[in-house]
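Take a look at the structure below.
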Amino acid sequence: MASVDSTGSSVSRRLRSGDLLHAGLAVALLLGPWSVGGLVVSTGRVSSIEAMNGSTVLLPCTYSSCIGIKNLYFNWQFNDNGTKYKLCDAVIPDDGEVPWVHVYQDRVEFVGSSESNNISILLWNITFEDEGEYTCFARNPKEKGHNHSAIFTLIVVDQMKEVDNTLTVIIVSVLGGVIGLVIIVMGIKALVIHFQLKDD
């Protein structure tokens with residue numbers, strides 16, 4: 001039978017909860033720096049773009065890390081119906097150092113800058129075959145082999161859709177007319193009041 005202290009709570013129960021607390025703290029201390037300061041890869045707020053056949057498209061990608069980077073490896077890949085083709089890759093030795101980028105496909109240009117944590121690329125003269133998913137991948141050895149990626153979807157169209165602004169034009173016209181009418185009524189009212197005060 002477990003011993004009981006003066007408050008009536010079980011000592012063995014308190015010991016078990018204390019052990020759990022210590023174990024939880026140890027796990028938090030071990031995993032904390034990796035979960036808080038880990039590498040983050042992002043293609044920005046918009047994860048897809050619609051572009052015209054024959055145009056040039058920017059595929060955006062940035063990275064950030066609270067613990068810093070050392071020999072950060074990154075690449076861009078194109079997913080062509082399940083087959084992945086590497087477009088470019090490089091290693092950034094340290095924060096702010098310029099990487100030597102290897103480009104593997106025609107019409108691909110690296111336009112990023114390690115000073116701004118930017119690893120974006122340009123796709124020149126796109127065709128319908130370029131439509132699909134592009135993956136921006138990065139691995140920071142400081143994180144013990146954790147991989148990070150972000151996906152950007154490119155949609156290629158023959159011509160851009162025309163936006164129908166008819167409703168917007170009607171709303172703006174009505175609002176403008178109402179505001180103009182109010183101004184005219186206020187002006188007439190001010191004139192009437194002015195002449196009435198003059199007569200008095």
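Most exposed first by the Cβ proxy, i.e. fewest other Cβ within 10 Å, how do Thr127, Thr43, Thr153 rank? Show your work: numbers first, answer last.
Working: Thr127 11, Thr43 21, Thr153 15.
Ranking Thr127, Thr43, Thr153 by Cβ neighbours within 10 Å, fewest first, gives Thr127, Thr153, Thr43.
Give me Leu122, Leu154, Leu87 sorted ascending by neighbouring Cβ count inside 10 Å, so fewest comes first.
Details: Leu122 14, Leu154 18, Leu87 22.
Placing the least packed residue first, the sequence is Leu122, Leu154, Leu87.
Using a Cα-Cα cut-off of under 24 Å, which lysines could be cross-linked to Lys144, ignoring same-chain neighbours fewer than 8 residues away?
List returned: Lys70, Lys86.
So which trypsin sites (Lys or Arg not before Pro) in the stretch 39-93 pass both tests, a DSSP loop state and at most 10 other Cβ atoms within 10 Å of the Cβ?
Working: sites: Arg45, Lys70, Lys84, Lys86; in loops: Arg45.
For trypsin sites (Lys or Arg not before Pro) across the stretch 39-93 that sit outside H, G, I, E and B with at most 10 neighbouring Cβ atoms in 10 Å, the list reads Arg45.
Among Met52, Met186, which comes first, then next, by fewest other beta-carbon atoms within 10 Å? The partial results should precede the final answer.
Values: Met52 13, Met186 10.
The most exposed by this proxy come first: Met186, Met52.
Every number in this text was worked out from the coordinates using simple rules, so none of it is lab data. All of these numbers come straight from a predicted model, not from anything done at the bench. Positions of Cβ are generated from backbone atoms using ideal geometry, with glycine treated the same way; all protein chains shown enter the neighbour counts.
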